[in-house]
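Asks: The structure that follows is given in the form of structure tokens.
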């Protein structure tokens, strides 16, 4: 799926607001057709990172390349190759969905072929509402329109900021299918932020965890879980009693359990550490390390 040349190439990205360092050296790459999820606690710099990649914000230092260009100096042709889905945006509520999307599509036509509007409204699940005014949409329908607006130009790179806020489970499932379709069929590179860790695990090829102004983890959900060795929970019954045991080596524990008790084991269940467990473990470990570092520096200064 991934090509040789990175579509996103971020090296030592730094951002300072006044005397506050928000980004202190962010590094990562993404290739064509990859889906990346950017996770991190509030204030970690996720929005700042994305705004710099979109060309909406000037960085303080570092190198950034998106589709082979520096976003800080890119032209309209470059911008036409990007799609952006913000958490919210202002619009004219009297526009009808199909008319609005058709109007926006004309801005992309000098540079590339946009989506067919009927195909687009169907893809985002708004076919039955295509002639409805924007101010008559429900919250979930409005969010689907946000997505349609973001992808109307058939972008090569798509930025999604909390894309499924307000979606019901059925709409969320349909949106996930659309993301996979864009990545697999359209070769769209997608960078998304979300607080829904299950969604990140379901959608992303790779997960970046941002904390303290830098990327502290980069890998698939499985790779990150193995890296942190988060605990798994093993449950079983034996001679009418229920047992629960937490371990970082579930496979070995179950093997030893059967070796020792054999046929007495029943109703065995293994719940491995989730992405949420891994994420929390990594952030807590990072923050603990930062506190220890700050304490050592304080001792040195006051010594």
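Since every read-out is calculated from the coordinates, none of them should be taken as a lab result. In this text, all values refer to a predicted model and were calculated from it rather than measured experimentally. Glycine also receives a Cβ, built like all others from the backbone with ideal geometry; neighbour counts cover every protein chain displayed.
Asks: Simple spin-label model, 7 Å along Cα-to-Cβ: residue 280 to residue 261 in nm?
Replies: Here the answer is 2.6 nm between the modelled labels.
Asks: Further, regarding this structure: Taking only Cα atoms, what is the 0 to 90° angle, nearest 10, from helix 275-302's long axis to the longest principal axis of the chain?
Replies: Approximately 80 degrees, to the nearest ten.
Asks: Compute the angle between helix 250-261 and the longest alpha-carbon principal axis of the chain, please, reported from 0 to 90 degrees and rounded to the nearest 10.
Replies: 30
Asks: Using helices alone, what [θ] at 222 nm do you get for the chain, with -39,500 (n - 2.57) per DSSP H run of 4 or more residues, divided over all residues and rounded to the nearest 500?
Replies: It comes out at -11500 deg cm²/dmol, rounded to the nearest 500.
Asks: Return one number: the angle in degrees, 0 to 90 and rounded to the nearest 10, between the long axis of the Cα atoms of helix 139-151 and the longest principal axis of the Cα atoms of the chain.
Replies: The angle comes out at about 70 degrees.
Asks: With springs only between Cα atoms under 10 Å apart, run a GNM on the chain and tell me which of 138, 214, 274 wobbles the most.
Replies: The residue that fluctuates most here is 138.
Asks: Determine, from the Cβ-Cβ distance of residue 138 and residue 198 and an R0 of 25 Å, the FRET efficiency 1/(1 + (r/R0)^6), rounded to the nearest 0.05.
Replies: After rounding, the FRET efficiency stands at 0.60.
Asks: Still on this structure, I have one more. Starting from 0.36 nm per residue, how many nanometres of slack lie between residue 218 and residue 131 once their C-alpha separation is accounted for?
Replies: This chain segment gains 27.0 nm when fully extended.
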